[in-house]
Amino acid sequence: MGPAYDDPRVTDQPITAPRRPRTGRRAPFRGGTLTDHLVDARVPRDLHAFIAGLPKAELHVHHVGSASPRIVAELAARHPDSKVPTDPEALADYFTFTDFAHFIDVYLSVVDLIRTPEDVRLLTYEVARDLARQQVRYAELTITPFSSTRRGIDERAFMAAIEDARKAAEAEFGTVLRWCFDIPGEAGLESAEETARLATDDRLRPEGLVSFGLGGPEIGVPRPQFKPYFDRAIAAGLHSVPHAGETTGPETVWDALTHLRAERIGHGTSSAQDPKLLAHLAEHRIALEVCPTSNIATRAVRTLDEHPIKEFAKAGIIVTINSDDPPMFGTDLNNEYAVAARLLDLDERGLADLAKNAVTASFLDEPGKARIAEEIDTYTAGWLAP
Ligand SMILES: Nc1ncnc2c1ncn2[C@@H]1O[C@H](CCC(=O)c2cccc(C(=O)O)c2)[C@@H](O)[C@H]1O
Ligand SMILES: [Zn+2]
């Protein structure tokens, strides 16, 4: 059983259907019911409809962590020895986490389902399809190539698979994908070396790669040791976007800024404990990649109402809204925007500004940024027109 909290997924009704009567009962957090229609019932229905059509950019979403039950079922059918359940109900239970370490164990069991370049291509292409359905025009997908190469996937075939899916997705869905290669820090410096090599070797480095990250548990995995690998990636023209302050305190965020030269911070949740850090992030326009439901699902934050997103906004920090590992956390990007609308008390214009924050903080080129920002403005003006 998860903690009692205001479950953002309180209904599975289509947004046009009458609301299900609310009982006032607080539901435990339960991940992974991907067939649910995800809507926060405390957000007005027309705001959900506005969010559903709003052009968006997603800056923090994991490749394997985006595998929908349909993709998981297909991969599990290809590899029937896996322990990952395929039935959606059983999968929802499987995606209910006792703590962050448990989440990583489950995550790695899904990683184990990806064994061939064709699995990689299928996953990437289907993830793009799911993003396109939510009007995501641009996404930076965090990929952990070390996890695949150490499991025996040929590195060239891996790169070819993600690039092939990227090009197909852009041509067919109009969604532009870019990659962040992240070090799975707990796997040690061997994984850092391998990730840096794959990201910086001109013969391997994929065209879509824009940034370099660091993920996994933070406890017992100090950030400074990864400095040489980030230095190499930055020298090769990549942006620095480590996770920090998700499961440890603000000192980890400082370390990410000082040693890894972070340009954005993945989560950064504990920054709220340090007013000087909040001021620094605001002054230097270091955006936070906030993933509210993820923080509840991994128990990094106790309840949504206790999430520090409001403090970030008040401090003048560029807040971006992201979904992290959406099917595993029983959410999607649209639902995260609805959660943000409630926590930050936003109307349509506020939501449009939030969507534009992600565009601003993205690593898309300036004409690309201008195009999506304009699309957001046109959509919003049309929506609000009498
Ligand atoms: N909320 C999150 N916060 C942080 N990270 C998150 C989050 N969501 C997803 N991740 C991903 O989890 C991976 C973790 C993988 C890992 O620790 C590991 C350890 C030992 C061996 C291996 C292996 O592959 O053999 C892998 C990270 O690289 C990251 O991309
Ligand atoms: Zn993440």
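Of note:
- Footprinting exposure proxy for Tyr138, Tyr379 (fewest neighbouring C-beta atoms within 10 Å first): Tyr379, Tyr138
- Fewest-first sequence of His284, His239 by Cβ atoms within 10 Å of each Cβ: His284, His239
- Note on Arg285 and Glu118: the extension gain reaches 56.2 nm, defined as 0.36 nm multiplied by sequence separation minus the Cα-Cα distance.
- Once the Cα-Cα distance is subtracted from the 0.36 nm per residue extended length, the Ala77 to Leu189 segment shows a gain of 36.9 nm.
- Qualifying lysines (Cα of each under 17 Å from Cα of Lys356; at least 8 residues distant if same chain): Lys56, Lys369
- Exposure proxy order (Cβ contacts within 10 Å, fewest to most) of Phe230, Phe173: Phe173, Phe230
- A Förster radius of 45 Å combined with the Cβ-Cβ distance from Glu306 to Asp202 puts the calculated FRET efficiency at roughly 0.45.
- Within a straight-line Cα-Cα reach of under 12 Å, Lys167 can be paired with the following aspartates and glutamates, leaving aside sequence neighbours fewer than 8 residues apart in one chain: Glu207.
- Percent RCO, i.e. relative contact order, over the chain, from Cα pairs under 8 Å lying at least 6 residues apart: 20 percent
- The chain: C-alpha gyration tensor shape, a/c 1.5 cut-off, then a/b vs b/c: rounded
- Here's the list of lysines a cross-link from Lys314 could span, going by alpha-carbon distance under 16 Å and ignoring same-chain residues fewer than 8 apart: Lys276.
- For the stretch 154-198: rounded, prolate or oblate by the Cα gyration tensor [a/c cutoff 1.5]: prolate
- Estimated purely from DSSP H runs of n ≥ 4, each contributing -39500 (n - 2.57), the mean residue ellipticity at 222 nm for the chain is -13500 deg cm²/dmol once divided by its residues.
Just so you know, all these numbers are worked out from the coordinates, no wet-lab data involved. None of the values given here were measured: they were computed from a predicted structure. FYI the Cβ positions are ideal-geometry reconstructions off the backbone, even for glycines, and counts take in every protein chain you see.
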